[in-house]
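Here's the structure, in structure tokens; my notes come after.
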Amino acid sequence: MQRSGPAGCKARLIPSLTPGSMVESEDLIYQALSKALLAGELPPGTQLIETRVAAIFEVSRERVRKVLHRLGHERLIDLIPNKGAFVTDPTLSQAREIYEARRIVEGGVVARLAGRLTLTQIQTLRKHSELEAQALAAGDRARSIQLSGQFHQILAGFCNNAFVIRELQELISRTSMLVAFFEPDSASQCACDEHHEIVDAIQEGDMARASKMMHIHLSLIETRLQPNSTPRTLDSDDVLRRARDAVREPLAKPARKRK
Ligand SMILES: [Zn+2]
């Protein structure tokens with residue numbers, strides 16, 4: 001998942017925004033939708049109709065369209081020409097292929113990085129793992145899934161290879177929705193301890209162990225996926241309204257600045 005950094009607190013989800021805050025507004029809609037998607041609250045195959053989403057968020061269709069394109073780029077939804085935007089509908093057999101591909105690529109990534117990262121880079125990874133632990137402890141499943149994916153993207157980024165980064169970005173994005181749908185709520189996508197062990201092996205310069213730990217880690221995630229996890233039967237409009245309100249709430253009581 002890329003750059004879903006915190007949006008400015010001054011953004012509001014109403015159309016009459018200053019040009020500078022329009023981007024923030026899109027970012028907030030993006031945050032709301034991606035959170036609902038990664039929490040697995042929108043059933044696979046659900047169509048996200050532009051006009052309906054625009055009405056719920058009280059923004060223009062154009063703005064919603066931009067957000068949907070971003071979500072499509074990140075593989076959280078499928079954009080089908082002449083049909084529209086749909087929540088991805090992955091299968092467990094696709095999961096097997098995707099995790100196999102990740103083991104092949106990411107086993108190579110960590111072997112490449114072993115003993116080559118600076119202390120600052122190692123610290124970046126460790127700090128990120130702490131954020132994951134905090135999200136997990138707070139029970140924020142969507143954020144936990146996002147952060148877990150980001151950990152792997154940070155590793156890919158350290159390779160400084162555009163092809164590796166691009167391929168992994170797609171694989172990791174696809175994985176996120178698999179986890180959202182097929183992993184029981186009680187399981188954590190990337191157990192933080194497993195990430196720590198991978199970082200330890202990289203820091204120690206142990207290529208074989210780093211690669212092995214990554215293989216084991218990805219295999220463990222795969223085994224946590226289960227067919228027919230509790231099916232979600234929530235009304236998609238209700239889900240979107242709640243997602244909207246969740247991002248609006250922090251904005252509802254702006255720290256009153258001097259008048
Ligand atoms: Zn992981």
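At-a-glance table
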quantity: Zero-based 5 Å bins, Cα pair distances in region 113-185, whole percents; calculated: 3, 15, 23, 21, 20, 11, 5, 1
quantity: Relative packing of 86-95, 38-47, which averages over residues the other C-beta atoms within 10 Å, highest first; calculated: 38-47, 86-95
quantity: Where only C-alpha atoms are counted, convex hull volume of region 81-219 per residue in Å³; calculated: 112 Å³
quantity: Additional length obtainable on full extension of the chain from residue 127 to residue 94, 0.36 nm per residue less Cα span; calculated: 8.7 nm
quantity: Length-normalised contact order for region 92-224 - Cα pairs under 8 Å, 6+ apart - percent; calculated: 45 percent
quantity: Sorted peptide list for 199-205, 120-126, criterion being average Cβ within 10 angstrom, highest first; calculated: 199-205, 120-126
quantity: Dipole moment magnitude, nearest 20 debye, region 37-169 about Cα centre, only Lys, Arg, Asp, Glu C-beta charged; calculated: 300 debye
quantity: Candidate aspartates and glutamates - alpha carbon under 16 Å from residue 127, same-chain residues fewer than 8 apart omitted; calculated: 193, 194, 197, 200
quantity: Inter-label distance, nm, simple model (7 Å from Cα along the C-beta direction), residue 245/residue 52; calculated: 1.9 nm
quantity: Principal axis dimensions, largest first and in whole angstrom, of region 133-174 by Cα; calculated: 35, 19, 7
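Throughout, read-outs are computed from the coordinates displayed, never taken from laboratory work. Values in this document were obtained by computation on a predicted structure and should not be read as measured data. Don't worry about glycine lacking a Cβ; one is built from the backbone with ideal geometry, like all the others, and counts go over all protein chains shown.
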